[in-house]
Amino acid sequence: MTDIAANLAAVKDRIAVAARKAGRDPATVRLVAVSKRVEAERIVQAVAAGQRLFGENYLQEAQAKISRVNDLLACGAAGDGMETGAGDGVCWHFIGHLQSNKTKAAATDFAMVETVDRFKLAKALNRHAATAGRVLPVLVQVNVGGEAQKAGVAPEQAAELLRALAELPALRVLGLMTMPPMAEDPEESRPHFARLRQLSEEFAGQDLLGTHGPPVLSMGMSADFEVAVEEGANLVRVGTAIFGPR
Ligand SMILES: *Cc1c(COP(=O)(O)O)cnc(C)c1O
(Lines give C-alpha, C1' and ligand atoms only; values in the text may rest on other atoms or scores of the structure.)
Protein backbone atom coordinates (compact mmCIF):
# COMPACT_ATOMS: atom_id res chain seq x y z
CA MET A 1 0.00 0.00 0.00
CA THR A 2 1.27 3.41 -0.92
CA ASP A 3 0.63 6.08 1.65
CA ILE A 4 -0.62 8.75 -0.71
CA ALA A 5 -1.12 11.40 1.97
CA ALA A 6 2.45 10.95 3.26
CA ASN A 7 3.88 10.98 -0.27
CA LEU A 8 1.98 14.16 -1.11
CA ALA A 9 3.27 15.86 2.02
CA ALA A 10 6.83 14.77 1.20
CA VAL A 11 6.60 16.07 -2.38
CA LYS A 12 5.21 19.40 -1.18
CA ASP A 13 8.04 19.69 1.35
CA ARG A 14 10.61 19.03 -1.35
CA ILE A 15 8.97 21.64 -3.61
CA ALA A 16 9.10 24.15 -0.76
CA VAL A 17 12.79 23.47 -0.07
CA ALA A 18 13.66 23.85 -3.77
CA ALA A 19 11.63 27.06 -4.03
CA ARG A 20 13.29 28.64 -1.00
CA LYS A 21 16.71 27.58 -2.27
CA ALA A 22 15.95 29.59 -5.42
CA GLY A 23 14.65 32.53 -3.38
CA ARG A 24 11.06 31.91 -4.43
CA ASP A 25 7.84 31.72 -2.45
CA PRO A 26 6.79 28.02 -2.30
CA ALA A 27 3.16 29.12 -2.65
CA THR A 28 3.88 30.16 -6.27
CA VAL A 29 4.53 26.54 -7.28
CA ARG A 30 1.43 24.43 -8.04
CA LEU A 31 1.47 20.65 -8.00
CA VAL A 32 -0.32 18.56 -10.62
CA ALA A 33 -0.75 15.01 -9.31
CA VAL A 34 -0.35 12.85 -12.41
CA SER A 35 -2.89 10.05 -12.06
CA LYS A 36 -2.55 8.13 -15.33
CA ARG A 37 -3.13 4.42 -14.72
CA VAL A 38 -4.11 5.19 -11.12
CA GLU A 39 -7.61 4.02 -10.20
CA ALA A 40 -10.30 6.44 -9.04
CA GLU A 41 -10.29 5.22 -5.42
CA ARG A 42 -6.65 6.18 -5.02
CA ILE A 43 -7.26 9.55 -6.64
CA VAL A 44 -9.98 10.09 -4.04
CA GLN A 45 -7.41 9.35 -1.32
CA ALA A 46 -5.28 12.14 -2.75
CA VAL A 47 -8.35 14.43 -2.78
CA ALA A 48 -9.01 13.53 0.86
CA ALA A 49 -5.41 14.54 1.59
CA GLY A 50 -6.12 17.97 0.10
CA GLN A 51 -4.93 17.57 -3.51
CA ARG A 52 -7.20 19.33 -6.02
CA LEU A 53 -5.21 19.35 -9.26
CA PHE A 54 -4.72 16.19 -11.32
CA GLY A 55 -3.16 15.40 -14.69
CA GLU A 56 -4.28 12.69 -17.09
CA ASN A 57 -2.74 11.44 -20.35
CA TYR A 58 -5.42 9.28 -21.97
CA LEU A 59 -8.85 10.69 -22.79
CA GLN A 60 -11.02 7.60 -22.34
CA GLU A 61 -9.31 6.55 -19.14
CA ALA A 62 -9.55 10.10 -17.84
CA GLN A 63 -13.23 10.59 -18.66
CA ALA A 64 -14.17 7.43 -16.76
CA LYS A 65 -12.19 8.57 -13.74
CA ILE A 66 -13.37 12.18 -13.83
CA SER A 67 -16.99 11.07 -13.58
CA ARG A 68 -16.19 8.40 -10.99
CA VAL A 69 -14.18 10.74 -8.78
CA ASN A 70 -16.79 13.45 -9.07
CA ASP A 71 -19.52 10.90 -8.17
CA LEU A 72 -17.57 9.66 -5.18
CA LEU A 73 -16.99 13.21 -4.06
CA ALA A 74 -20.61 14.16 -4.48
CA CYS A 75 -21.47 11.11 -2.36
CA GLY A 76 -19.25 12.20 0.48
CA ALA A 77 -15.53 11.67 0.36
CA ALA A 78 -15.64 12.17 4.11
CA GLY A 79 -17.43 8.83 4.40
CA ASP A 80 -20.51 10.22 6.12
CA GLY A 81 -22.84 9.64 3.17
CA MET A 82 -23.45 13.35 2.85
CA GLU A 83 -22.65 15.42 -0.16
CA THR A 84 -19.54 17.48 0.34
CA GLY A 85 -20.61 20.41 -1.79
CA ALA A 86 -19.20 22.40 -4.64
CA GLY A 87 -16.17 23.55 -2.67
CA ASP A 88 -14.30 20.40 -3.60
CA GLY A 89 -13.19 22.03 -6.82
CA VAL A 90 -11.18 19.19 -8.37
CA CYS A 91 -9.42 20.34 -11.55
CA TRP A 92 -8.08 18.11 -14.31
CA HIS A 93 -5.29 18.97 -16.72
CA PHE A 94 -4.84 17.09 -19.94
CA ILE A 95 -1.11 16.34 -20.32
CA GLY A 96 -1.03 13.62 -22.98
CA HIS A 97 -0.73 13.50 -26.72
CA LEU A 98 -3.89 14.64 -28.55
CA GLN A 99 -5.09 13.87 -32.04
CA SER A 100 -6.90 16.81 -33.59
CA ASN A 101 -9.92 14.65 -34.47
CA LYS A 102 -10.38 13.62 -30.81
CA THR A 103 -10.37 16.93 -29.02
CA LYS A 104 -13.99 17.37 -27.88
CA ALA A 105 -13.58 15.77 -24.44
CA ALA A 106 -10.28 17.55 -23.93
CA ALA A 107 -11.96 20.90 -24.63
CA THR A 108 -14.97 20.26 -22.42
CA ASP A 109 -13.94 18.02 -19.48
CA PHE A 110 -10.57 19.54 -18.58
CA ALA A 111 -9.62 22.74 -16.79
CA MET A 112 -6.50 23.06 -18.95
CA VAL A 113 -4.81 21.38 -21.91
CA GLU A 114 -1.03 21.52 -21.41
CA THR A 115 0.03 19.89 -24.66
CA VAL A 116 -0.90 22.19 -27.55
CA ASP A 117 1.93 21.93 -30.08
CA ARG A 118 0.40 22.65 -33.49
CA PHE A 119 -2.17 24.97 -35.03
CA LYS A 120 -4.45 22.24 -36.37
CA LEU A 121 -4.89 20.85 -32.87
CA ALA A 122 -5.44 24.32 -31.43
CA LYS A 123 -8.09 25.10 -34.04
CA ALA A 124 -10.02 21.94 -33.17
CA LEU A 125 -9.83 22.68 -29.42
CA ASN A 126 -10.93 26.27 -30.11
CA ARG A 127 -13.95 25.07 -32.06
CA HIS A 128 -15.11 22.64 -29.34
CA ALA A 129 -14.47 25.13 -26.54
CA ALA A 130 -16.47 27.78 -28.41
CA THR A 131 -19.35 25.34 -28.94
CA ALA A 132 -19.29 24.57 -25.21
CA GLY A 133 -19.37 28.31 -24.49
CA ARG A 134 -16.07 28.40 -22.63
CA VAL A 135 -12.58 29.82 -22.93
CA LEU A 136 -10.10 26.97 -22.53
CA PRO A 137 -6.78 27.65 -20.79
CA VAL A 138 -3.91 25.99 -22.67
CA LEU A 139 -0.13 25.71 -22.55
CA VAL A 140 2.13 25.34 -25.57
CA GLN A 141 4.31 22.24 -25.35
CA VAL A 142 7.87 22.97 -26.48
CA ASN A 143 10.30 20.25 -27.52
CA VAL A 144 13.34 21.85 -25.89
CA GLY A 145 15.49 18.76 -26.35
CA GLY A 146 14.84 18.66 -30.09
CA GLU A 147 14.08 14.93 -29.95
CA ALA A 148 12.61 13.66 -33.21
CA GLN A 149 10.15 11.27 -31.53
CA LYS A 150 8.90 13.76 -28.94
CA ALA A 151 5.79 15.93 -29.10
CA GLY A 152 6.11 19.68 -28.84
CA VAL A 153 6.76 22.61 -31.14
CA ALA A 154 10.42 23.38 -31.93
CA PRO A 155 11.70 26.35 -29.88
CA GLU A 156 12.37 28.26 -33.14
CA GLN A 157 8.74 27.85 -34.21
CA ALA A 158 7.09 28.58 -30.88
CA ALA A 159 6.71 32.34 -31.41
CA GLU A 160 4.95 31.79 -34.72
CA LEU A 161 2.56 29.28 -33.10
CA LEU A 162 1.85 31.68 -30.23
CA ARG A 163 1.01 34.44 -32.74
CA ALA A 164 -1.42 32.12 -34.51
CA LEU A 165 -3.03 30.98 -31.24
CA ALA A 166 -3.70 34.59 -30.26
CA GLU A 167 -6.27 34.66 -33.08
CA LEU A 168 -8.33 31.83 -31.52
CA PRO A 169 -10.87 33.48 -29.19
CA ALA A 170 -11.90 30.35 -27.26
CA LEU A 171 -8.33 29.51 -26.22
CA ARG A 172 -6.33 31.38 -23.58
CA VAL A 173 -2.61 30.66 -23.82
CA LEU A 174 -1.23 30.87 -20.30
CA GLY A 175 2.30 29.56 -20.73
CA LEU A 176 4.67 26.81 -21.79
CA MET A 177 5.16 23.15 -20.93
CA THR A 178 8.03 20.81 -21.63
CA MET A 179 9.30 17.27 -21.13
CA PRO A 180 13.08 17.19 -21.52
CA PRO A 181 14.91 14.08 -22.75
CA MET A 182 14.97 11.14 -20.32
CA ALA A 183 18.07 11.38 -18.17
CA GLU A 184 19.74 9.39 -15.40
CA ASP A 185 20.84 12.53 -13.60
CA PRO A 186 18.27 15.31 -12.96
CA GLU A 187 21.05 17.84 -13.50
CA GLU A 188 20.95 16.91 -17.18
CA SER A 189 17.46 18.42 -17.32
CA ARG A 190 18.58 21.75 -15.89
CA PRO A 191 19.67 23.44 -19.16
CA HIS A 192 16.38 22.38 -20.80
CA PHE A 193 14.35 23.87 -17.96
CA ALA A 194 16.45 27.04 -18.10
CA ARG A 195 15.81 27.22 -21.85
CA LEU A 196 12.04 27.02 -21.38
CA ARG A 197 12.19 29.82 -18.82
CA GLN A 198 14.29 31.97 -21.19
CA LEU A 199 11.79 31.35 -23.97
CA SER A 200 8.88 32.35 -21.78
CA GLU A 201 10.67 35.58 -20.79
CA GLU A 202 11.42 36.31 -24.43
CA PHE A 203 7.77 35.71 -25.41
CA ALA A 204 6.50 37.79 -22.50
CA GLY A 205 8.73 40.61 -23.75
CA GLN A 206 7.00 40.36 -27.13
CA ASP A 207 3.54 40.29 -25.50
CA LEU A 208 3.04 36.76 -26.82
CA LEU A 209 2.71 35.50 -23.23
CA GLY A 210 2.02 36.99 -19.84
CA THR A 211 -0.99 39.13 -20.66
CA HIS A 212 -3.06 37.04 -18.18
CA GLY A 213 -0.52 37.18 -15.33
CA PRO A 214 2.92 35.64 -14.99
CA PRO A 215 3.43 32.94 -17.65
CA VAL A 216 2.82 29.39 -16.48
CA LEU A 217 5.91 27.18 -16.75
CA SER A 218 4.93 23.52 -16.49
CA MET A 219 8.11 21.50 -16.09
CA GLY A 220 9.51 18.84 -13.78
CA MET A 221 8.36 15.29 -12.98
CA SER A 222 9.14 12.84 -10.15
CA ALA A 223 12.81 12.51 -11.10
CA ASP A 224 13.63 16.18 -11.55
CA PHE A 225 10.93 18.49 -10.14
CA GLU A 226 13.30 20.11 -7.65
CA VAL A 227 15.70 21.13 -10.43
CA ALA A 228 12.70 22.43 -12.40
CA VAL A 229 11.53 24.56 -9.46
CA GLU A 230 15.05 25.95 -9.05
CA GLU A 231 14.88 26.94 -12.74
CA GLY A 232 11.52 28.67 -12.43
CA ALA A 233 8.78 26.04 -12.75
CA ASN A 234 5.50 27.22 -11.26
CA LEU A 235 3.62 24.03 -12.20
CA VAL A 236 5.18 20.60 -11.67
CA ARG A 237 3.67 17.32 -12.84
CA VAL A 238 4.41 14.50 -10.40
CA GLY A 239 3.02 10.96 -10.60
CA THR A 240 5.31 8.20 -9.32
CA ALA A 241 6.49 10.08 -6.22
CA ILE A 242 2.85 10.43 -5.12
CA PHE A 243 1.10 7.26 -6.28
CA GLY A 244 4.03 4.84 -6.48
CA PRO A 245 5.34 3.00 -9.54
CA ARG A 246 2.82 2.44 -12.37
C1 LIG B 1 3.60 10.54 -16.70
C2 LIG B 1 3.85 11.98 -16.86
C3 LIG B 1 4.31 12.77 -15.78
C4 LIG B 1 4.64 12.21 -14.43
O5 LIG B 1 5.73 11.36 -14.46
P6 LIG B 1 6.35 10.72 -13.12
O7 LIG B 1 7.73 10.37 -13.50
O8 LIG B 1 5.51 9.55 -12.78
O9 LIG B 1 6.29 11.76 -12.06
C10 LIG B 1 4.49 14.13 -16.01
N11 LIG B 1 4.22 14.69 -17.20
C12 LIG B 1 3.77 13.98 -18.24
C13 LIG B 1 3.49 14.66 -19.53
C14 LIG B 1 3.58 12.59 -18.12
O15 LIG B 1 3.16 11.90 -19.17
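Values as computed for the structure displayed
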{"quantity": "Overall form of the chain per C-alpha gyration tensor (a/c, 1.5; a/b vs b/c)", "calculated": "oblate"}
{"quantity": "Net dipole in debye of the chain [+1 Lys, Arg Cβ; -1 Asp, Glu Cβ; about Cα centre; nearest 20]", "calculated": "560"}
{"quantity": "Cross-link reach list, aspartates and glutamates versus Lys150, counting only Cα pairs under 12 Å and skipping chain neighbours closer than eight places", "calculated": "Asp117"}
{"quantity": "Pairwise centroid distance, computed over Cα atoms, of region 221-246 with region 1-59, Å", "calculated": "9"}
{"quantity": "Cleavage-rule hits, trypsin sites (Lys or Arg not before Pro), region 112-144, DSSP coil, Cβ neighbours within 10 Å at most 16", "calculated": "Arg134"}
{"quantity": "Anchor Lys12: aspartates and glutamates whose Cα lies under 19 Å away (excluding residues fewer than 8 positions away in-chain)", "calculated": "Asp3, Asp25, Asp224, Glu226, Glu230, Glu231"}
{"quantity": "Anchor Lys65: lysines whose Cα lies under 19 Å away (excluding residues fewer than 8 positions away in-chain)", "calculated": "Lys36, Lys102, Lys104"}
{"quantity": "Residue-by-residue Karplus 3J(HN,Hα) for region 50-57, coefficients 6.51, -1.76, 1.60, Hz, glycine and proline x", "calculated": "x, 6, 10, 10, 10, x, 10, 9"}
{"quantity": "Accessible area of Asp25 in the full protein assembly, 1.4 Å probe (Å², nearest 10)", "calculated": "90"}
{"quantity": "Inter-label distance, nm, simple model (7 Å from Cα along the C-beta direction), Ala159/Ser67", "calculated": "4.6"}
{"quantity": "Amide H contacts under 5 Å for Val216, placed H, 5+ residues apart", "calculated": "Gly175, Leu176"}
{"quantity": "Calculated [θ] (222 nm, deg cm²/dmol) that DSSP helices of n ≥ 4 give over the chain, each run adding -39,500 (n - 2.57)", "calculated": "-11500 deg cm²/dmol"}
{"quantity": "Portion, in percent, of the accessible area of the chain that falls on carbon or sulfur, probe 1.4 Å", "calculated": "51"}
{"quantity": "Candidates His192, His212, His97, ranked by Gaussian network fluctuation over the chain, Cα under 10 Å, top entry", "calculated": "His212"}
{"quantity": "Within a Gaussian network of the chain (alpha carbon springs, distance under 10 Å), most fluctuating of Asp109, Asp117, Asp207", "calculated": "Asp207"}
{"quantity": "Cα-projected label distance for Cys91 with Ala111, points at 7 Å along beta-carbon direction, nm", "calculated": "0.4"}
{"quantity": "Residue among Leu174, Leu209, Leu72 with the largest mean-square fluctuation in a Gaussian network model of the chain, springs linking Cα atoms under 10 Å", "calculated": "Leu72"}
{"quantity": "Per residue accessible area in Å² of the chain, where ligands, DNA and RNA are left out and the probe is 1.4 Å", "calculated": "47"}
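The values are calculated or read from the model by the stated rules, or taken from the named source; none is laboratory data. If you're wondering where the values come from, they're calculated on a predicted model, not measured in any experiment. Don't worry about glycine lacking a Cβ; one is built from the backbone with ideal geometry, like all the others, and counts go over all protein chains shown. Heavy atoms of the whole protein, side chains included, go into the accessibility calculation; ligands, DNA and RNA do not. Shrake-Rupley method; radii C 1.70, N 1.55, O 1.52, S 1.80 Å.
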